[in-house]
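What follows is one structure encoded as C-alpha cells, with my remarks underneath.
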Amino acid sequence: MVRRTGPLDPATGWYITHLRGRDSNERFALVEVIADPGDMPPLHVHRRDDETFYVLEGGLTVWVGDEVAEAGPGTCVHLPRNVAHTYRTASDGPTRWLVISSPAGFETVVEHMETVPVGRLFVDHGIEVLGPPGTTP
C-alpha cells in the first residue's frame, strides 16, 4: 500500500497497486484508489497513457474534456490520453475505485510520490498539470 502525499494532494487517500507493468509486459497496470470525500486532484492530462476508472464504492464526478460523468458503484469511465481531466469524490464516505492505465506507468507515479518531487515525477511520466485542484476543463 502506498500512502498518497505531496503538495498537490492535501486530502488523505491511498493507492494500492494490484498489477504492475512488469507483470503485463508493460501493456497495463491496475491500481486501487481510496479517497475521502471532496478529494480532487489538479486538472491534468496524460500524454502517454489512457486511464479507465471503475467505481467500487462511493461516487465520483469525473470531468473528461467537455463531458461530465457522475459515476457510482459499477460505473466505468474512460479517460483517453491527451484529454484534460480531473475528478472529485462525491459521496459522504470514502470512495474506492480501480484505475487501469494503458500502457502501464501510472503505478510507478504513485509508488514514487513519497520519494520524488511530484512536479518532476509528473514530467518524467508525461503528465501535464493544467491547473490547481478545483479547476475543471
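Miscellaneous remarks
- When you restrict to C-alpha pairs under 8 Å that are six or more residues apart and normalise by the size of the chain, the relative contact order lands at 33 percent.
- In terms of packing, defined here as the mean over residues of other Cβ atoms within 10 angstrom, the peptides 110-117, 35-42 line up highest first as 35-42, 110-117.
- Ratio Rg/Rh, restricted to the stretch 57-137 and using Cα atoms, in which Rh is the Kirkwood radius: 0.96
- Residues of the stretch 95-137 with amide N under 11 Å of the 7 Å Cα→Cβ point at Glu26: 103-105
- Note on the stretch 94-137: semi-axes of the ellipsoid equivalent to its C-alpha gyration tensor, largest first and rounded to whole Å, are 17, 17, 12.
- P(r) histogram, all alpha-carbon pairs of the stretch 2-124 included - 5 Å bins from 0, percent: 2, 12, 21, 26, 24, 12, 3, 0
Any read-out appearing in this document is the output of simple, stated calculations on the displayed coordinates, not a laboratory observation. Bear in mind the structure is a predicted one, so any value in this text is a computation, not a measurement. Backbone-built Cβ (ideal geometry, glycine too); neighbour counts: all protein chains shown.
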